[in-house]
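Visitor: What follows is a structure written as structure tokens; I'll ask about it next.
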Amino acid sequence: MNDGESSKPTTAHDPGHSQRVAGCLLGGAVGDALGAPIEFMRLSEIRERFGPQGLREYAKAYGRLGAITDDTQMTLFTAEGLLRAVCQGELKGRCDPAYAVYSAYLRWLKTQGYDSESESFSFATEPLERPEHEAVVPNGWLQHVNELHARRGPGNTCLGSLRSRVSGRLGQEPINDSKGCGGVMRAAPAGIVAESVEHAFQLGCETSVITHGHPTGWLTGGALAVIVRVLLDGRSLLGAVNDALFMLATDARSAECREALAAAVSLAGRGRPTAEKLTTLGEGWVAEEALAIGVYAALAAGTFSEGVLLAVNHSGDSDSTGSIAGNILGAALGQGAIPARWLEQLELRDVIATIAADLVTGFEETDAWWKRYPGC
């Protein structure tokens with residue numbers, strides 16, 4: 001991308017809102033799938049195996065091409081929780097979105113082989129009474145997608161926090177001191193459903209703090225949600241990052257988040273992007289590094305494919321940085337910018353596209369919609 005406020009990845013047309021939403025979720029999943037087979041590999045090992053340019057196409061992970069990881073799984077459950085909060089609010093009475101997303105994460109936890117049906121979990125605010133669910137589709141539809149029950153490298157912080165049955169909450173005592181990237185990598189849906197930049201920041205922070213107690217672990221979730229929200233309105237990526245920096249500046253604990261984003265913007269303006277330059281931002285295991293790498297890759301790229309390939313070819317958390325870059329580039333460019341060959345081989349493509357379409361719809365006053373998203 002070129003420098004300046006007007007700069008954004010080149011595209012032949014300006015995609016509509018629904019195409020941007022689909023691009024955000026599908027793009028994140030593509031980046032996740034590209035990074036999955038090379039996570040934990042050093043850059044030298046990646047180049048030795050795939051050639052001097054590194055990985056350029058899907059490679060097998062978890063026994064198949066285009067396999068998603070826990071990053072996409074948790075992103076889908078974030079979206080489901082937010083949709084169920086809206087449905088509850090429209091039909092049965094207000095539901096705290098953070099509580100709805102926490103409940104969704106407990107359903108994800110069950111898909112990973114842990115019992116999440118216990119009522120002995122706690123939330124920092126008194127939860128609203130759960131609605132009566134119709135027995136036809138207990139707990140909605142997403143939990144019943146068999147492929148989502150595969151374990152794809154779930155993060156220890158996410159598993160440990162959810163298994164404790166205690167949810168993190170803004171303004172409350174932190175449940176841990178983790179700033180791993182497991183909070184930010186799933187935050188994009190908060191930006192999709194948000195009504196404003198301020199709302200996006202709040203929702204992104206609220207959904208990330210559920211499992212990650214260090215301020216950087218959840219402030220980065222708010223920042224990514226802001227970036228997505230602004231891009232869905234058709235504004236430039238640089239403008240979106242500036243809005244995220246503005247929102248971060250409202251919290252005194254955000255210094256390392258702001259410094260990481262500023263470093264990404266500065267680096268993107270220093271000529272041709274390379275893996276060696278990207279490495280100066282870190283490896284992506286912690287939240288501010290993962291966000292900075294995703295932003296740098298998106299800013300420095302001319303196309304979707306260039307951006308996600310830059311984001312995954314490094315010594316670090318390649319699936320998470322690829323997922324974040326894919327969320328950003330997909331929201332900026334729309335689904336049409338994602339190479340068809342990658343979409344065709346993407347695991348659970350139809351499920352991801354369905355969630356994206358439902359996020360655009362938001363709510364339908366039908367019995368079928370309630371069965372799909374039966375409240376909090």
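Visitor: If I filter region 329-344 for residues that are part of a helix (DSSP H, G or I), of a type in the set (Gly, Ala, Ser) and within 21 Å of Ala67 (Cβ to Cβ), do I get at least one hit?
Guide: Yes: one or more hits.
Visitor: Based on what the data block shows, is Ile68 more than 26 Å from Asp233 (Cβ to Cβ), part of a loop (DSSP other than H, G, I, E, B) and at pLDDT 95 or above?
Guide: Yes; evaluated as a whole, the condition is true for this residue.
Visitor: Where residues in region 108-130 are surrounded by fewer than 19 Cβ atoms within 10 Å (Cβ to Cβ) and modelled with pLDDT of 50 or more, which of them is farthest from the chain's Cα centre (by Cα)?
Guide: Checking each candidate, the answer is Asp115.
Visitor: Considering region 84-104 alone, what residues qualify as being in contact with a helix residue (DSSP H, G or I) (Cβ under 8 Å, 6 or more places away or on another chain), over 27 Å from Leu159 (Cβ atoms) and not in a loop (DSSP other than H, G, I, E, B)?
Guide: Scanning region 84-104 gives Val86, Cys87, Leu91.
Visitor: Tell me which residues, restricted to region 39-65, are surrounded by 12 or more Cβ atoms within 10 Å (Cβ to Cβ) and part of a loop (DSSP other than H, G, I, E, B).
Guide: Glu39, Phe40, Met41, Arg42, Gly54, Leu55, Arg56, Glu57, Tyr58, Ala59, Tyr62, Leu65
Visitor: Please identify the pairs in which a residue from region 77-91 that is touching a residue at least 12 places away in the same chain (Cβ under 8 Å) has its Cβ atom under 7 Å from the Cβ atom of a residue that is of a type in the set (S, T, N, Q) and part of a helix (DSSP H, G or I), counting only partners at least 6 apart or on another chain.
Guide: So the pair list comes out as Thr78/Thr207; Gly81/Ser103.
Visitor: Among the residues of region 179-222, which ones are part of a loop (DSSP other than H, G, I, E, B) and surrounded by fewer than 24 Cβ atoms within 10 Å (Cβ to Cβ)?
Guide: Across region 179-222, the qualifying residues are Ala194, Glu195, Ser196, Gly213, His214.
Visitor: Hey, among Leu231, Leu238, Leu281, which residue is touching a residue at least 12 places away in the same chain (Cβ under 8 Å) and in contact with a Ser or Thr (Cβ under 9 Å, 6 or more places away or on another chain)?
Guide: The conditions single out Leu238.
Visitor: Can I ask one more? Go through the residues of region 266-281 one by one and say whether even a single one is closer than 22 Å to Val197 by Cβ, part of a helix (DSSP H, G or I) and within 20 Å of the chain's Cα centre (by Cα).
Guide: No, every residue in region 266-281 fails to be closer than 22 Å to Val197 by Cβ, part of a helix (DSSP H, G or I) and within 20 Å of the chain's Cα centre (by Cα).
Visitor: Looking only at residues that are part of a helix (DSSP H, G or I) and of a type in the set (Gly, Ala, Ser) in region 229-243, which one is surrounded by the fewest Cβ atoms within 10 Å (Cβ to Cβ)?
Guide: Per the criteria, the residue is Gly239.
Visitor: Within region 348-374, count every residue that is touching a residue at least 12 places away in the same chain (Cβ under 8 Å), more than 22 Å from the chain's Cα centre (by Cα) and in a loop (DSSP other than H, G, I, E, B).
Guide: 2
The values are calculated or read from the model by the stated rules, or taken from the named source; none is laboratory data. Everything numeric in this text was worked out from a predicted model, so none of it was measured. Cβ sites come from the backbone with ideal geometry, for glycine too, and all protein chains shown count toward neighbours.
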